[in-house]
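Novice: Right, I'll just put the structure down here and ask away after.
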Amino acid sequence: MLIDSHAHVDVKDFDPDRDLVLSKCQITVVNAGVDLKSNLLSIEMSKVYRNVIPAVGLHPEYVERADQELEETLRLIDLVPLISEVGLDFFWIKEEPLRAKQIQVLNRFMEVGEKQGKALIIHSRGGLKKIMEMVSSYKVRFAIHAFEGSVKDAKRIEEMGGFISVPPILVRDKGRMEVVRNVSEDSLLTETDSPFMGPDRTRNEPCNVKITLQRISEIKGINLIELEEKIENNFRRLLGPYSFSGANLTNR
């Protein structure tokens with residue numbers, strides 16, 4: 001089975017053909033919320049589509065909404081198996097008070113993740129050093145979404161038991177290719193971040209993980225079918241106690 005460990009299929013870009021997009025291939029898709037509205041949409045999507053696993057969070061770029069939305073978002077974690085999109089973004093957010101607020105918010109999510117045994121899929125732009133410091137203080141499973149760091153950082157994440165998630169932009173990103181070449185396939189996940197980070201400038205979509213898998217297979221010299229099975233097993237490890245069917249909400 002194909003795995004898209006991080007996507008945003010709830011956005012308007014998919015309103016015309018969402019049913020088709022989610023049925024083009026045999027795939028499990030994690031739909032990550034970025035704010036309260038999209039968290040609720042993610043949960044509702046998982047009640048409709050059997051191959052959608054909901055995740056809730058508060059994107060670090062929306063940290064100014066934390067006072068209004070954080071507590072309700074934390075309560076929604078009770079309903080879902082994964083926490084995302086959460087993290088630190090020091091690339092777009094330059095103001096020190098807002099960066100400090102991002103850290104406070106991420107700590108709250110990590111506390112809940114540890115308490116409930118739920119993994120975090122973490123956004124990192126410019127804040128990876130702090131994220132790794134924070135993760136080391138909690139007993140949580142985690143993946144770094146759309147990893148864009150160095151090989152050295154990737155190996156550190158690998159040592160910590162984390163996963164490095166790779167989007168289809170891999171095919172046009174030499175830095176990400178070098179990371180894939182130097183880490184174990186046991187630490188890799190595939191994602192799309194749909195509708196973003198595709199193999200070209202057009203709308204990205206979940207089944208494009210096939211493109212990522214093909215490129216990883218070529219880089220690492222691994223049989224494509226074996227690699228697909230490996231990524232699926234890695235994702236099961238990230239999910240922890242949840243089965244694929246148990247992580248979906250269609251029967252609830």
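Novice: With respect to I216, is the statement that it is within 22 Å of L106 (Cα to Cα), β-branched (V, I, T) and crowded, with 20+ Cβ neighbours inside 10 Å true?
Specialist: Numbers: within 22 Å of L106 (Cα to Cα): no; β-branched (V, I, T): yes; crowded, with 20+ Cβ neighbours inside 10 Å: yes.
It is false that I216 is within 22 Å of L106 (Cα to Cα), β-branched (V, I, T) and crowded, with 20+ Cβ neighbours inside 10 Å.
Novice: Also, I was wondering about something else. Can you name the condition, by its number, that E69 falls short on among (1) in contact with a strand residue (DSSP E or B) (Cβ under 6 Å, 6 or more places away or on another chain); (2) farther than 20 Å from V140 by Cα; (3) not hydrophobic (A, V, I, L, M, F, W, C)?
Specialist: Only one criterion in (1) in contact with a strand residue (DSSP E or B) (Cβ under 6 Å, 6 or more places away or on another chain); (2) farther than 20 Å from V140 by Cα; (3) not hydrophobic (A, V, I, L, M, F, W, C) is unmet by E69, namely (1).
Novice: OK, next. Looking for whichever is in a helix (DSSP H, G or I), surrounded by fewer than 17 Cβ atoms within 10 Å (Cβ to Cβ) and of a type outside the set (A, V, I, L, M, F, W, C) here; the options are K101, K37, K94. Which one fits? It would help to see each step written out before you state the result.
Specialist: Working: K101 fails: surrounded by fewer than 17 Cβ atoms within 10 Å (Cβ to Cβ); K94 fails: in a helix (DSSP H, G or I).
From the options K101, K37, K94, the qualifying one is K37.
Novice: Please find, among G246, G162, the residue that is among the small types (G, A, S) and buried (at least 22 other Cβ atoms within 10 Å of the Cβ). Before you say what the answer is, go through the steps one by one.
Specialist: Working: G246 fails: buried (at least 22 other Cβ atoms within 10 Å of the Cβ).
The match here is G162.
Novice: I'm trying to understand the selection: among the residues of segment 40-73, which are within 15 Å of the chain's Cα centre (by Cα) and in a helix (DSSP H, G or I)? Full working, then the answer.
Specialist: Of segment 40-73, the ones within 15 Å of the chain's Cα centre (by Cα) are 42, 52-60.
Passing the criteria: S42, P60.
Novice: With the requirement that a residue be more than 20 Å from F142 (Cα to Cα), surrounded by fewer than 18 Cβ atoms within 10 Å (Cβ to Cβ) and in contact (Cβ under 8 Å) with a residue 12 or more places away in the chain, what does segment 219-238 give you?
Specialist: Correct list: I219, K220, I222.
Novice: Looking at segment 75-90, which of its residues are under 21 Å from A7 (Cβ atoms) and of a type in the set (A, V, I, L, M, F, W, C)?
Specialist: Pass one, segment 75-90, residues under 21 Å from A7 (Cβ atoms): 76-77, 79-89.
Result: L76, I77, L79, V80, L82, I83, V86, L88.
Novice: Kindly provide the set of residues from segment 26-43 that are within 16 Å of R75 (Cβ to Cβ) and free of Cβ contacts under 8 Å to residues at least 60 places away in the same chain, ordered by number. Let's see the steps before the verdict.
Specialist: At the first step, the residues of segment 26-43 found to be within 16 Å of R75 (Cβ to Cβ) are 33, 35-40, 42-43.
Listed by number, the residues that qualify are G33, D35, L36, K37, S38, N39, L40, S42.
Novice: With (1) outside any helix (DSSP H, G or I); (2) within 28 Å of L79 (Cβ to Cβ) as the list, and N234 as the residue in question, which single condition is left unmet?
Specialist: In the conditions (1) outside any helix (DSSP H, G or I); (2) within 28 Å of L79 (Cβ to Cβ), N234 misses (1) alone.
Novice: Among residues belonging to segment 194-213 that are touching a residue at least 40 places away in the same chain (Cβ under 8 Å) and in a loop (DSSP other than H, G, I, E, B), point out the one that is surrounded by the most Cβ atoms within 10 Å (Cβ to Cβ).
Specialist: Ranking the qualifying residues of segment 194-213, first place goes to S194.
Novice: Can you say whether L76 is touching a helix residue (DSSP H, G or I) at 6+ places or on another chain (Cβ under 6 Å) and either in a strand (DSSP E or B) or exposed (fewer than 14 other Cβ atoms within 10 Å of the Cβ) (or both), as far as the supplied structure shows? Lay out the reasoning, then the answer.
Specialist: Working: touching a helix residue (DSSP H, G or I) at 6+ places or on another chain (Cβ under 6 Å): yes; either in a strand (DSSP E or B) or exposed (fewer than 14 other Cβ atoms within 10 Å of the Cβ) (or both): no.
Criteria not met by L76.
Novice: Here's another thing I want to ask about it. I need the full set of residues from segment 52-73 which are surrounded by 24 or more Cβ atoms within 10 Å (Cβ to Cβ) and hydroxyl-bearing (S, T, Y), in order please. Give the derivation first.
Specialist: Residues of segment 52-73 surrounded by 24 or more Cβ atoms within 10 Å (Cβ to Cβ): 52-58, 60, 63, 73.
Scanning segment 52-73 gives a single hit, T73.
Novice: Restricting attention to segment 13-27, does a residue exist that is farther than 22 Å from N204 by Cα, part of a loop (DSSP other than H, G, I, E, B) and not hydroxyl-bearing (S, T, Y)?
Specialist: Checked segment 13-27: no residue is farther than 22 Å from N204 by Cα, part of a loop (DSSP other than H, G, I, E, B) and not hydroxyl-bearing (S, T, Y).
Novice: Also, I was wondering about something else. Between residues in segment 179-193 that are over 14 Å from P168 (Cα atoms) and in a helix (DSSP H, G or I) and residues that are polar (S, T, N, Q) and modelled with pLDDT of 95 or more, which pairs lie under 7 Å by C-beta distance while being six or more apart or on different chains?
Specialist: Matching pairs, first to second residue: D186/N234.
Novice: Select from segment 189-217 the residues that are of a type outside the set (G, A, S), over 13 Å from L2 (Cα atoms) and under 17 Å from the mean Cα position of the chain (by Cα) and list them in ascending order.
Specialist: Taking segment 189-217 as the starting set, the residues that turn out to be of a type outside the set (G, A, S) are 189-193, 195-197, 199-216.
Next cut, over 13 Å from L2 (Cα atoms) only: 193, 195-197, 199-204, 215-216.
Selection gives D193, P195, F196, M197, N204.
Novice: From the list K47, K12, exactly one residue is surrounded by fewer than 18 Cβ atoms within 10 Å (Cβ to Cβ), touching a residue at least 60 places away in the same chain (Cβ under 8 Å) and more than 26 Å from Y138 (Cα to Cα). Which is it? Spell out how you get there, then give the answer.
Specialist: Numbers: K12 fails: touching a residue at least 60 places away in the same chain (Cβ under 8 Å).
Just a single option satisfies the conditions, and that option is K47.
The values are calculated or read from the model by the stated rules, or taken from the named source; none is laboratory data. Given the structure is predicted, the values throughout are model-derived calculations rather than measurements. Please note: Cβ atoms are built from the backbone with ideal geometry, for glycine as well, and neighbour counts cover all protein chains shown.
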